[in-house]
Structure formats: C-alpha cells, structure tokens
Amino acid sequence: MAIMISIPAGITSNQASTETLTQNLSDTITQTEATINQTLTQIECTLAPNFEGFGFAPPDMGDSRFAPPDGDSGFTPPEFGGGFRPGEFGGGAFGGGGTTAMNETLYSDVSSLENVAAVTLTLEASEGTEQTMEMMGRSFTRLVPDYVIKGVSLTSALFGSYSILPTNITDGRNLQAGDIGVVLLSENNTAFFDAGVGDAINILDRSFKVIGVYAPSGVEDVMNLYMNLSDAQSVTNNTGYITSITVFAESSDVVTDVANAISSLHPELSIVTGQQRLNQLEAMKTNYETALNNAESTVAQTQSVAVQEIIVAVAATSLIILFVMLYTVRERTKEIGTLKAIGFRNWTVMNQFMLEGVFLSLLAGVVGIAIASVAAPTLSGLLLPAVSQAAFPSRFTLASNSGTLVSMALTPELILIALGGSMLLGTLGSLYPAWRASRTRPAEAMRYE
Amino acid sequence: MSETVLKLENLSKTYSLGKRSVQALSNLNLEVNEGEFTAIMGPSGSGKTTLLNVLGCLDKPTDGRVLLDDVDVTKLAEKELYKIRRGKVGFIFQTFNLLPYLNARENVELPMEGTKIPKKERRQRASELLGMVGLSGREEHRPQRLSAGEQQRVAIARALANDPAIILADEPTGNLDSKNKFEIVRLLANLNINRGTTIIMVTHDSQIASQTERLLFLSDGKIIKEKRGLHLAKKKLICQHCGSKIQPGDTTCPSCNKVLYQKGEQS
C-alpha cells in the first residue's frame, strides 16, 4: 500500500522537478538564441585572467578589488564549459571568463584599426558580500553580488546602431550620451535599493540619481546597474581602467580580419568574435537541447515505469487481499456454519465478510499512507528512475534540481485516492471469499475442523 | 400434549464420496410429539448427525419429506430456511460453537440479530436466559474464561434466544465431564418439563440417554429399536431456591417468585 501511494507522489515530484528543469533549459535556449543574433558583428576583447585550474567557476569573478593588469600574463583563451549554471552565464553579456582590469590608454589604438565601426569600453564591477566555499577540496572566497556596476562609454555614435544598453525601459528613460551622476537600474535593483526613478541611491559612498528602470532580458543582466564609464571608474577607484573592449566591425564579413588585427596588435588580449561566440553558443544550445530531450525522455520513462509498478502493486494487493480473505473464510468455516445454523441469512454472512475485508484494506491504506508520508522519497527513489542522474552529464550541477528528492507531494487528493483505492481493492478482493462464505452449506461447515 | 410437531416420511439421504455413495438415512419414518424429550443413540456412522442436520434444515434429504408444524421444509428455498433455523429450532453442538470474540451475552444475542426485537430488549432477554442457565454475573465473560460446562450453558441460552419449539442437541454432553454432563441434561430436562420445549438429542452415552422419556436406536440409517426411558414428567420437581414443590410449566417459583431452571434444581 505504501508503494502504491509513494509512486504517484514520486511521479508528481519527478514531474515537478523536470518541469522546472525543462523550463530553465528552454529559457536558456531562448536567451542563447537571442544573444546569437545580436552577436554577429561584435568582437569581445578581454584580458585573460591567469587561472590556476580550468573547468571551474573562476574565483573572484568581477571583483572590484582587482590588481592592475600584469602585461605579460599567461595568455589562455577562456575556454567554454566551465562551471556555469543553466540560465546564468558568467559575468557580463558574454561571460564565460573572468574579468581582469586593463589600462584603457593602452588600447586606444584599437579604434583606429581598419574596418572598425565603433569601440565601446566597459568597466564591470560586482558589489556584494564575500562567501567562502569549498570545491574539490580547495577552499576559496567567492563574491555573492548584490549588484553589478556596468560602466559604459556613452558616446552618441553608439546609440541606435549597437545594442550596448538594455532596450526594454519600463520607467524613466535610458542613459544618454553625456549622462553623469545618474544610473539605470534593473527591476531587481530597485528592490535591493528600495528606490525608483527620481530617487537618489548610494553606491560606494556616492550618491547617484535613478534615471530609469529596465526589465532584464534574461538571467545574465538581472543585477546590472548601468552608468557612465567615467562614473564607474571613479566610484570603484579604477580611474583609467576598463574590463573589456567591445569592438564592432563594419560588417560580419570583416569580423575575422578585425579580430586578427587586434590580436596582432595586442597578443595578450583574449578575443572572442561573434562567430566564435556563435559556435560556442550553438554548442551550448545543443548541449541544453540534449539535456532537455533527456529530461523529457526520463519523464516518459518514469511514467511508464510507474504505470507498470502501479499495475503490479494493484494486482499484488488484490491477490493478497483475496488470499487473506479466502484463508479467513476457510479458517472460520465452522463459525460460518454456526452462524447459519442459528439463523443468519446468506447476505448477512456475506456482508460481514465484505465489511471485514474492506475494513482491513482501509486499515492497510492508513498504514500505507503513514509509511509513504515518511518513506515516499526513499521508496519512489528506489523504484523510479531519477531525473538528475539520467538526464545530465555530471558537470551540470543543478542547484534547484538536485535529484528527485525535491518535495514528495502527499496531497489530500492523493490520500483520498489512496484510501478510496484501498477500499475498492478490499471490496474486489473480498467479493469472492465472502460469496463463498455465504454459500457454505451449514451441515458441511459444521463437520469442518 | 400429543400434537405432532415433527413428522418424517420415507426420509433418505445419500452422500456421494467420489464414486462411492453412502446411504446415511434410508427410508426413515418418525413422528415427534410436542413436548417430547427424545434421545437418539447409535454407533458412529449410523446417521445420527445427518438426521439432526436434516431436522434442523442444515441439510437437505435426498428423498422424503420433513414436516415441521405441517410445513414441508424440504420444499422451502434457502431464503425461507433461515427463518426456520432462526425461529423454530435451536441448535446445541458438542463443541459449543460460541464465537470466541464475543462475550456470553453477545453470543446469546446473536440469533436475535436481524429480528425486529429492539436492541435493549435483546440485551435484557439474553441476560435473563443466562440467569436461567445459572450464569448470572458472567454476562461479560468471553468463552475462554468459562469452563466447558459453562460454555455449553451459554450455548443452551443461545439456542433459546428466539424461543424455539424444538431444540436439537448434537452430543451436547460429549465434551463434558460426568458432573457437568448430568447438570446439562438436567437443564435440558427442566426446559422440557417446565417450558414444554420439544428436545431431540443425539448422544453416545446411555446414561445420558436414559434420562429422556423416549430412546431411538439408529443403525445404518434406520430406526431399529425404540424404548421408553425414565419418565421425567413423573418426577417430583422442587425449587432450588426454597425447596418448595413446583409444577411442570412453572417459570417462576410460586413460593419465592425466583426464576427457575437454575443449576441443579432438579432432584
């Protein structure tokens, strides 16, 4: 009975977790696609941080207290496939790698390269609290950001043609060329600062006026707070430093040429072109799609396994009730004979045995619910395929979907169905034994010892 | 007192055991008058129990008629038979057959289940009957807490629950020691004399059988001999409470007004 009740609970939670997962994955795919479309003419140049090990979330991602750049740092292109979470790329619109500060004057020559349409400089700095965490036996400090300052060079030439600022303004206005001392908040920022358009907020002991609020386009820009580059540099005490140069080529045909030119001019820069990025994103999209398919097939598998198991459990339960009741009737043949000898009607005898069977099954149902409410996760975990293991390569750590043990929903409906089901099975299972009892011929029953 | 309550005409019963068939009763004729205390004796397999089962409508004869108050019960459907089992006859078994999970009073109330008698009245009647068989104060005891003799008393009280015309007793003393044996047979005799209940009792025990007024010997499904036993009706009856003389048919003692049929009152 506990099995019968645990399995539907298991399916529900499996489904719930898979639905969340599926939702996350589809969101991520949509975002990825949107990013792909924007990216074609864009070239992202960052100074590669010098990682100790690869394949993990970079420590101190976008920390504002970075050291000035070390010109000859070991140059490794940021590799894709580090420890990211679905729906959350690393810092910034491109993410994937860490950010290291670079002196903006060193790179002013980039804008004069051939086929370069525009250059925008960005300083990105996260503000928040530090948290020490353990990963693979190593402990390091990670910044849990409250908000991310994005200083963008506000040049009139850039507006309109290139998307460097959020587009979906829900209140106030967007940043304009020459804006100083003002910020553009995301909707999530307004909650953190508890401020709206026209209010003054305090960022690193300096007061800024909220000029507008935007709706984030995805998980990657929920915490971004946009301001003029020069404001960002002075408020974070990084005057003259930037974290990335975004170069826009004249057309998508010359992107590779421009990238090569930048690369030969500044070999220390990590350059990701729209095409490379596109390939990475495509690969990522494929990855997510595979995961999505796996998750979906796991749900299908879970359901078919569950249906089989429920059929087996129901059949077994009915048989057990049938045999128990048959045994009871046999055991009490003499009693039945006596009852009939002293004038009990056939259907009174039948009623009595039916009632007994139904009551016993109901009791079993109650015990089953008690067991299931405690052991449902374990039971259904043993009996059903788990979403997380079946659907995901181990490197995808799903913070919100770790395994099937999310919450075993023993809803009142499920409990009622279980009780009703056990009563029904009790009725079915005792029907034949009770009928047999009522048909017992008293003279024969009395001889029975 | 000579009205016929039970008449058996050419009664036959054949059991088939695989290919073999056993003739348990063969062409048996018998008339039992109202108020008679009859004992049936005979060796094992002579058809005693089969006869009793047929009389009690627990089994159907292969041939012949059973007239109970001029009604041929062999023609009745199962739906009608339960009424006869419930109201006309009361059964007493060798092994008592009390329900172990019910107390004495509940066991006595059992035959009244499904009748129109109100709950309260059933309870009262059961207590009265238990008092009559000498078990006052033991109403709440379960069978396992009662001695064999006491259990058979409960069974007798149960048989009387619906005030039947005939009591059928299948070796009622078979599982009892000699002291209890005689007490039970005296209890039955008192019922017979004082209430006029017709009793047919199957027994192996000639001492017990001799306490009845009529003895039938059964062999191979036939009555081979009939004998008159002690005529209980001629015996002097005294009240156990005060020792004064009572008449057959009295339910309470005319001198002390106490309920009769108590344990050992028959002298």
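The values are calculated or read from the model by the stated rules, or taken from the named source; none is laboratory data. All figures in this text were calculated on a predicted structure; none of them were measured in a lab. Ideal geometry is used to build each Cβ from the backbone, glycine not excepted, and the neighbour counts take in all protein chains shown. Ligands, DNA and RNA are excluded from the accessible area calculation, which covers all protein heavy atoms including side chains. Shrake-Rupley method; radii C 1.70, N 1.55, O 1.52, S 1.80 Å.
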Check: Quick check: anything in segment B:142-165 closer than 10 Å to B:Gly90 by Cβ and open to solvent by 40 Å² or more (accessible area, probe 1.4 Å)?
Finding: yes
Margin query: What are the pairs with Cβ atoms under 8 angstrom where one residue, in segment A:111-129, is assigned to a strand (DSSP E or B) and the other, located anywhere, is surrounded by 16 or more Cβ atoms within 10 Å (Cβ to Cβ) and of a type in the set (Lys, Arg)? Sequence gap at least six, or different chains.
Written below: A:Thr122/A:Lys150; A:Leu123/A:Lys150; A:Glu124/A:Lys150
Next item on the list: Taking only segment A:421-449 into account, find how many residues are open to solvent by less than 40 Å² (accessible area, probe 1.4 Å) and either of a type in the set (Lys, Arg) or farther than 30 Å from B:Pro61 by Cβ (or both).
Entry: 6
Check: Failed condition for A:Thr298, given (1) over 27 Å from the mean Cα position of the chain (by Cα); (2) hydroxyl-bearing (Ser, Thr, Tyr); (3) modelled with pLDDT under 80, with all others met?
Finding: (1)
Next item on the list: Please enumerate the residues belonging to segment A:323-337 that are of a type in the set (Asp, Glu) and open to solvent by less than 40 Å² (accessible area, probe 1.4 Å).
Entry: A:Glu335
Margin query: Checking A:Val329 against (1) away from chain B (no Cβ under 14 Å); (2) under 52 Å from the mean Cα position of the chain (by Cα); (3) closer than 15 Å to A:Gly426 by Cβ: exactly one of these is not met. Which one?
Written below: (2)
Next item on the list: Being part of a helix (DSSP H, G or I) and within 18 Å of B:Phe217 (Cα to Cα) is the filter here, so list the residues in segment B:171-205 that pass it.
Entry: none
Checklist line | Checking B:Leu129 against (1) free of Cβ contacts under 8 Å to residues at least 40 places away in the same chain; (2) open to solvent by 40 Å² or more (accessible area, probe 1.4 Å); (3) more than 9 Å from every other protein chain (Cβ to nearest Cβ), the condition it does not meet | finding: (2)
Check: Among the strands (runs of 3 or more DSSP E) contained in segment B:15-108, which hold 2 or more residues that are more than 14 Å from chain A (Cβ to nearest Cβ) and under 25 Å from B:Asn175 (Cβ atoms)?
Finding: B:37-41
Next item on the list: For residues that are facing chain B (nearest Cβ under 8 Å) and among the hydrophobic types (A, V, I, L, M, F, W, C), tally how many sit in segment A:332-348.
Entry: 4
Item checked: Matching residues, segment B:166-182, being open to solvent by 40 Å² or more (accessible area, probe 1.4 Å) and more than 14 Å from chain A (Cβ to nearest Cβ) -> B:Asp177, B:Ser178, B:Lys179, B:Phe182
